[in-house]
Amino acid sequence: MATVEGTPAKTDLYEKGKVHPDDLSSATVKDDVLFDIRDLEVYFPIQQGFFKSMVATEKKYVKAVDHVSFQVRQGEILALVGESGCGKTTTGRALLRLEDPTGGHILYKGLPVEKFATKTLRAYRKKAQIIFQDPYNSINPKQTIFDIVAEPLEVNNICSSEREKEERVVKAINEAGLRPATEYLYRYPHELSGGQRQRVCIAGATVLEPDVIVADEPVASLDVSIRNDILKLMVEEKEKLGVTYIFITHDLSLAWVISDRIAVMYLGRIVEIGETEEVVANPQHPYTKALISVIPVPDPLAKREHVILKGETPNPVDIPSGCRFHPRCPEAIEACKEIDPPDVHITGDHYAACIRIEK
Amino acid sequence: MSVAKTKAPEKKPAERVPHKGILEVRELTTYFKLGVGDVKAVQGVSFDLEPGESLGLAGESGCGKTTAALSILKLLPENGRIVSGDVLFEGRNLAKRTEYGMSRIRWKEISIIFQGAMNALNPVKETGKQIAEPIQLHEGLSEGKAMVRVKELYDLVGISQKRVMDFPHQLSGGMRQRAMIAMALACNPKLVIGDEPTTALDVMVQAQILELIERLRRELDLSFILISHDLSVMAETCDKGVIMYAGEVVESGTTADIFNKATHPYTRQLIKAFPNIHEKREMVSSIKGDPPNLVNPPAGCGFCPRCDVRIAICETEHPEMIEVEAGHFVRCVHAEKGV
């Protein structure tokens with residue numbers, strides 16, 4: 001949006017009650033809580049035909065994220081784990097305001113992200129970046145690596161000189177593990193392997209020195225060995241640069257390897273959250289227990305009990321009454337059909353939403 | 001399937017050769033023709049399979065595991081060819097069979113579950129009718145009669161019979177994979193090859209599909225070849241395993257041999273790359289470097305540049321397969337003959 005210098009931007013007039021960019025730059029992290037998500041709700045309306053929309057009494061929604069509350073701490077890797085359609089990606093996208101929440105609050109350093117004005121949002125995006133799943137489709141094949149990594153700097157008008165820009169790009173590429181960076185600067189994506197492309201994506205995200213990176217299945221399309229390199233890189237960047245990662249994955253074993261805390265999602269709700277080792281060693285929710293039991297392990301002699309759930313995740317349009325997991329739950333009782341379970345505190349940071357947990 | 005189009009040549013009694021088990025692959029070598037030269041995708045791969053047994057073919061992408069499996073069925077793309085070696089299926093050498101001869105074997109005796117169920121199914125044809133196709137061709141049944149069998153198959157793989165007339169896009173990912181399994185079982189084959197049958201699926205659906213395959217294997221007494229990049233899946237489902245690297249078998253044996261007595265440095269490093277959630281939490285390791293270019297494979301051991309225990313001889317001399325224990329083979333100069 002181009003504005004003449006000195007005159008207030010048009011949008012400012014329309015965005016009363018929104019968060020001003022200055023508030024964002026002066027905001028600080030309190031008590032290590034980078035994000036405080038309260039009752040987040042992201043519903044997508046279903047397009048209905050003319051006749052149905054006349055007859056239907058209520059509008060239908062895909063309830064992708066249905067009242068989710070959690071916190072993201074500064075400098076941690078928080079893993080959002082769940083099957084496809086559980087709302088983990090939508091949650092991650094909502095944190096960056098790539099989806100507009102239909103309800104609830106996302107507080108970033110205490111400021112409500114859903115009330116960010118356009119300019120604030122632009123400033124916010126310098127601080128919050130995303131890495132996508134498929135490094136083959138998420139970077140422009142016609143740009144050189146330098147252009148890809150430099151683009152965020154150009155868009156945000158960050159560098160005062162070409163030299164500074166080049167320095168920052170080289171630094172980001174080096175940190176992403178493509179060494180020496182100068183060898184890669186003028187190559188094109190098709191000359192790189194899948195792992196190297198994902199490193200370029202990571203360099204593109206870290207070049208802005210963000211506070212938080214949402215990594216949406218960053219290793220799902222990579223080979224094992226390369227996958228582990230990328231995971232290592234994420235841990236390194238967390239430790240060296242203090243980047244907070246929100247690691248979205250369907251693979252609980254990978255979350256277990258690198259994350260500090262795990263949040264297990266099912267059908268738009270977090271069913272269990274806590275310190276990674278605690279959740280994996282001592283799962284409380286029947287869904288988490290089942291998920292952990294079916295993770296294959298590279299040891300043929302380990303005979304383990306598999307809890308294989310029947311059927312598939314229900315349609316997020318018609319969410320089951322009471323506990324949304326009860327139709328598939330091996331431990332369900334009659335009351336589960338009625339009561340929507342509240343979070344039960346287990347120990348420390350460990351919470352699970354199941355009425356059968358004894359306190 | 002081109003059965004209807006190919007003309008039947010004169011019948012000759014099939015030659016049978018003495019063989020081990022239901023399938024024996026001997027020194028199979030498959031090349032792909034490219035502009036720069038031949039890509040030596042599979043070089044001298046041997047393994048065998050007893051009736052009712054399950055075998056896992058594992059390795060990183062590009063190691064030749066899928067090519068080896070496609071060579072068994074001679075389903076290679078146009079630029080691929082079997083250069084040498086034998087594929088003995090119940091004594092019949094498939095490597096020397098004609099296209100017509102193969103069309104009698106495919107699906108009737110050996111079938112394959114492809115990786116991406118969405119891409120492997122025809123999007124504009126009802127799923128049930130697609131499954132009926134091989135039954136009609138091989139058993140000469142009408143579509144109506146074949147559909148009766150399809151409904152039985154749907155029961156067998158756990159999809160509701162009501163869904164037979166659904167198009168692939170109406171089924172979920174797990175159901176599509178089940179439909180692919182139903183298709184593979186349509187003509188009661190003896191051997192089923194699963195090419196990464198669970199790769200694109202969620203963990204829970206993966207567990208369901210693996211359990212289904214396991215149950216069907218027991219009930220129908222099938223032999224099964226699982227192609228997977230995921231060693232953990234192989235450890236859980238297979239009796240025997242073959243680890244491939246750069247077109248060659250580097251280690252083979254029972255899964256217990258491979259995972260608990262891994263001898264080849266590549267196997268050892270590959271196993272460490274998979275997290276074991278029941279052990280102490282540690283960072284998974286990765287294997288440095290890249291696999292060699294298969295247009296000009298190195299003279300020595302293919303894994304040598306990435307190996308942590310390499311010695312001078314590894315660079316020049318190609319290691320032989322050594323039997324370290326009965327049935328446990330390793331291609332490494334460090335391996336000591338135990339039998």
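Here are the numbers:
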quantity: Helices (runs of 4 or more DSSP H) contained entirely in the stretch A:174-269, each with at least 3 residues that are under 27 Å from A:Ser293 (Cβ atoms) and at pLDDT 90 or above; calculated: A:224-241, A:252-258
quantity: Qualifying residue in the stretch B:184-196 (condition: over 30 Å from B:Gly140 (Cβ atoms) and at the interface with chain A (Cβ under 10 Å from one of its Cβ atoms)); calculated: no
quantity: Single residue of A:Val200, A:Val207, A:Val212, A:Val219 found to be touching a helix residue (DSSP H, G or I) at 6+ places or on another chain (Cβ under 9 Å), buried (at least 20 other Cβ atoms within 10 Å of the Cβ), over 10 Å from A:Val149 (Cβ atoms) and away from every other protein chain (no Cβ under 14 Å); calculated: A:Val212
quantity: Any hit, the stretch A:273-287, residues being in contact with a Phe, Trp or Tyr (Cβ under 6 Å, 6 or more places away or on another chain), modelled with pLDDT of 95 or more and more than 11 Å from every other protein chain (Cβ to nearest Cβ); calculated: yes
quantity: Answer from A:Glu272, A:Glu278 - the residue that is in a helix (DSSP H, G or I) and in contact with a His (Cβ under 6 Å, 6 or more places away or on another chain); calculated: A:Glu278
quantity: Matching residues, the stretch B:272-289, being over 17 Å from A:Ser293 (Cα atoms) and more than 7 Å from every other protein chain (Cβ to nearest Cβ); calculated: B:Lys272, B:Glu282, B:Lys288, B:Gly289
quantity: Test result for B:Ala262, among the hydrophobic types (A, V, I, L, M, F, W, C), more than 7 Å from chain A (Cβ to nearest Cβ) and surrounded by 18 or more Cβ atoms within 10 Å (Cβ to Cβ); calculated: yes
quantity: Every pair of residues 6+ apart whose Cβ atoms lie under 7 Å, when the first sits in the stretch A:302-328 and is within 13 Å of another protein chain (Cβ to nearest Cβ) and in contact (Cβ under 8 Å) with a residue 60 or more places away in the chain while the second is among the acidic types (Asp, Glu) and surrounded by 15 or more Cβ atoms within 10 Å (Cβ to Cβ); calculated: A:Thr313/A:Glu83
quantity: Hits in the stretch B:50-101 (condition: of a type in the set (S, T, N, Q), within 26 Å of B:Leu231 (Cα to Cα), at pLDDT 90 or above and not in a helix (DSSP H, G or I)); calculated: B:Ser54
quantity: Among the candidates A:Tyr184, A:Tyr188, residue that is surrounded by 20 or more Cβ atoms within 10 Å (Cβ to Cβ) and free of Cβ contacts under 8 Å to residues at least 60 places away in the same chain; calculated: A:Tyr184
quantity: Selection within the stretch A:288-297 - surrounded by fewer than 22 Cβ atoms within 10 Å (Cβ to Cβ) and either at positive phi or more than 8 Å from every other protein chain (Cβ to nearest Cβ) (or both); calculated: A:Lys289, A:Ser293
quantity: Filtered residue count, the stretch A:54-90, keeping only those that are within 14 Å of another protein chain (Cβ to nearest Cβ), over 28 Å from A:Glu239 (Cβ atoms) and aliphatic (A, V, I, L, M); calculated: 0
quantity: Matching entry among A:Thr118, A:Thr89 (being in contact (Cβ under 8 Å) with a residue 60 or more places away in the chain and within 14 Å of the chain's Cα centre (by Cα)); calculated: A:Thr89
quantity: Matching option when the condition is of a type in the set (Gly, Ala, Ser) and not in a loop (DSSP other than H, G, I, E, B), among B:Gly241, B:Gly338, B:Gly289, B:Gly300; calculated: B:Gly241
quantity: Unique match (being in a strand (DSSP E or B) and out of contact with any His (no Cβ under 6 Å at 6 or more places or on another chain)) among B:Val249, B:Val233, B:Val205; calculated: B:Val249
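Let's see how each residue does on (1) in a helix (DSSP H, G or I); (2) within 14 Å of chain A (Cβ to nearest Cβ); (3) touching an Asp or Glu at 6+ places or on another chain (Cβ under 8 Å):
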position	(1), (2), (3)
B:Ile181	yes, no, no
B:Glu211	yes, yes, no
B:Glu214	yes, yes, no
B:Leu226	no, yes, no
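The values are calculated or read from the model by the stated rules, or taken from the named source; none is laboratory data. None of the values given here were measured: they were computed from a predicted structure. Using ideal geometry, Cβ is built from the backbone for each residue, glycine included, and neighbour counts are taken over all protein chains shown.
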